[in-house]
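In what follows, a structure is listed as structure tokens, so that the remarks can point back to it.
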Amino acid sequence: MKSNIFAGLAVMGLLGLGACATSEDIVPVPYAVSTATATPGAQNIRVTVASSDARTENRARIGVQINGYGMEMAAIRSQVEVTDIVRDAISAELRQRGYQVGDAGARVNAEVTTFYNDFSVGMLAGKSKADVGLTVTVTNASGAEVYRRAIAGQAERTVQLANGGNAATTLSQALSLALKELMADPAFVAALTR
């Protein structure tokens, strides 16, 4: 009798573990704003921020869960559109630096070219690797393009589970690195004043 109970519990446990990787995971992708100081004169500069999706692959998902053998299982999707995540992150970084983000002034547009997390298996732990690629343009009030740059952020973490929460955390870190590179570019800062 005891062995039947243990066998039943073992089978249920294995089925439960398998169901994790076969169920689609829909997750928030949180973004933590940097602790940057205000840019001198930024309080007088108005900026509009927009984002568009230029991904040619994986537009419907931000990653995929894998099993212990590295085989792809269920999709990982974001709760909100990737373009909204990027637009809101850029807006937050600009506000942190003192810029007036709204509907007037220079227009910052970020084309999302990559926003994806890959998992891999290892001996004792797996890896979560995220790539974020953006093409950022700035147009002045008259519509002339005054800035264009492709930026990228990559992040890698050691993980125990190939799930949506770990994918979202690694993607958030990759986005932070990409935006850190953008905000540190003197040409980008100068373009906001044109």
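The values are calculated or read from the model by the stated rules, or taken from the named source; none is laboratory data. Just so it is clear, the structure is predicted and the values come from calculations on it, not from any experiment. Glycine also receives a Cβ, built like all others from the backbone with ideal geometry; neighbour counts cover every protein chain displayed.
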Which residue is nearest to the chain's Cα centre (by Cα), if the candidates are limited to segment 51-71 and must be surrounded by 14 or more Cβ atoms within 10 Å (Cβ to Cβ) and closer than 17 Å to Leu161 by Cβ? Ile62
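Check whether at least one residue in segment 17-37 is small (Gly, Ala, Ser) and at pLDDT below 60, and report yes or no.
yes
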So which residues in segment 59-72 are in contact (Cβ under 8 Å) with a residue 60 or more places away in the chain and of a type in the set (A, V, I, L, M, F, W, C), if there are any at all? Ile62, Ile66
When segment 146-194 is examined, which residues are found to be surrounded by fewer than 19 Cβ atoms within 10 Å (Cβ to Cβ) and part of a strand (DSSP E or B)? Val146, Arg148, Arg149, Ala150, Ala152, Gln154, Glu156, Arg157, Thr158
Of those in segment 79-123 that are surrounded by fewer than 16 Cβ atoms within 10 Å (Cβ to Cβ) and out of contact with any strand residue (DSSP E or B) (no Cβ under 9 Å at 6 or more places or on another chain), the residue nearest to Ile66 (Cα to Cα) is Met123
